[in-house]
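*Asks:* Pasting a structure below so you can have a look.
The values are calculated or read from the model by the stated rules, or taken from the named source; none is laboratory data. Since this is a predicted model, take the numbers as computed values, not measurements. Methodologically, a virtual Cβ is constructed for each residue, glycine included, from the backbone with ideal geometry; neighbour enumeration extends over all protein chains shown.
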Amino acid sequence: MLNIVIFGAPGSGKGTQSERIVEKFGINHISTGDVLRAEIKNETALGKTAKKYIDQGQLVPDELIIDILASVLDSLKESKGVIFDGFPRTIPQAEALKAMLNKRGQDVSVMLDLDVPEEELIVRLLKRGEESGRADDNMETIKKRLLVYNTQTSPLKDFYKKEGKYQHIKGIGTMESIFAAIVSAVEKL
Ligand code: ADP
């Protein structure tokens, strides 16, 4: 089982690289951001709650997101592994993920930290906001999301370093060169 956590700030390229990883290694992709956006689009109760947090640049509460992740993971049968994109984002989420995988006799194989300087993140997110119209890709919300990332999410680097799972990936350069760095990290496992 190949269980990859793809990690990085908003705009670091997690979604783009996840698609390529899925294609190359034949594993499943779970993006909590995509799951939440689908719930919002379908106007479910969960979507309505999540929207309030997302529009403010805040994280959706841990209990909610952990339940969602557990049910998506349960729905995957015959999987060769999973790439977790946008999860975990807090220490309690990382602990919950470990417990869920351990229960299945598995663990996180590697955490790939896509490292991109903040100036570049802002440029990318503003561009994405113009092109895709994603409501949270505006300057005010981007600033809040980066603050949330730096305070609540970034500490996960130390969590995975202690677990011996941390792998730094330089997140600037061409999409191909970044992907090549990821592939070589995964193939070394
Ligand atoms: P990005 O990486 O660009 O911030 P995502 O699509 O991963 O985009 O997430 C969008 C928003 O969805 C986040 O800002 C947050 O509000 C919410 N969200 C996604 N994943 C999580 C999570 N694991 N825990 C809490 N909130 C989440």
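*Asks:* Which residue, of 59, 97, is touching a residue at least 40 places away in the same chain (Cβ under 8 Å), closer than 23 Å to residue 13 by Cβ and not in a helix (DSSP H, G or I)?
*Replies:* Working: 97 fails: not in a helix (DSSP H, G or I).
The match here is 59.
*Asks:* Which of the residues that make up segment 101-127 are within 29 Å of residue 144 (Cβ to Cβ) and surrounded by fewer than 16 Cβ atoms within 10 Å (Cβ to Cβ)? Step through it out loud before you land on a result.
*Replies:* As a first pass, look at segment 101-127 and keep what is within 29 Å of residue 144 (Cβ to Cβ): 108, 111-127.
Across segment 101-127, the qualifying residues are 115, 117, 118, 119, 120, 123, 126, 127.
*Asks:* Is it the case that some residue within segment 33-48 is at pLDDT below 95 and either in contact with a Gly (Cβ under 7 Å, 6 or more places away or on another chain) or under 21 Å from residue 159 (Cα atoms) (or both)?
*Replies:* Start the filter on segment 33-48 by keeping residues that are at pLDDT below 95, which leaves none.
No.
*Asks:* Give, as residue ranges, the helices (runs of 4 or more DSSP H) completely inside segment 105-189 that count at least 1 residues that are touching a strand residue (DSSP E or B) at 6+ places or on another chain (Cβ under 7 Å), at pLDDT below 95 and acidic (Asp, Glu).
*Replies:* Of the helices (runs of 4 or more DSSP H) lying wholly inside segment 105-189, none has at least 1 residues that are touching a strand residue (DSSP E or B) at 6+ places or on another chain (Cβ under 7 Å), at pLDDT below 95 and acidic (Asp, Glu).
*Asks:* Return the only residue of 72, 82 being within 13 Å of the ligand (Cβ to nearest atom), within 15 Å of the chain's Cα centre (by Cα) and either surrounded by fewer than 19 Cβ atoms within 10 Å (Cβ to Cβ) or at negative phi (or both). Break it down stepwise before answering.
*Replies:* Numbers: 82 fails: within 13 Å of the ligand (Cβ to nearest atom).
Being within 13 Å of the ligand (Cβ to nearest atom), within 15 Å of the chain's Cα centre (by Cα) and either surrounded by fewer than 19 Cβ atoms within 10 Å (Cβ to Cβ) or at negative phi (or both) holds for just one of 72, 82, which is 72.
*Asks:* Which residues, taken from segment 1-50, are among the polar types (S, T, N, Q), out of contact with any helix residue (DSSP H, G or I) (no Cβ under 8 Å at 6 or more places or on another chain) and surrounded by fewer than 17 Cβ atoms within 10 Å (Cβ to Cβ)? Quick ask: steps written out before the conclusion?
*Replies:* Residues of segment 1-50 that are among the polar types (S, T, N, Q), as a first pass: 3, 12, 16-18, 28, 31-32, 42, 44, 49.
So of that shortlist, the ones also out of contact with any helix residue (DSSP H, G or I) (no Cβ under 8 Å at 6 or more places or on another chain) come out as 18, 42, 44.
The answer is 42, 44.
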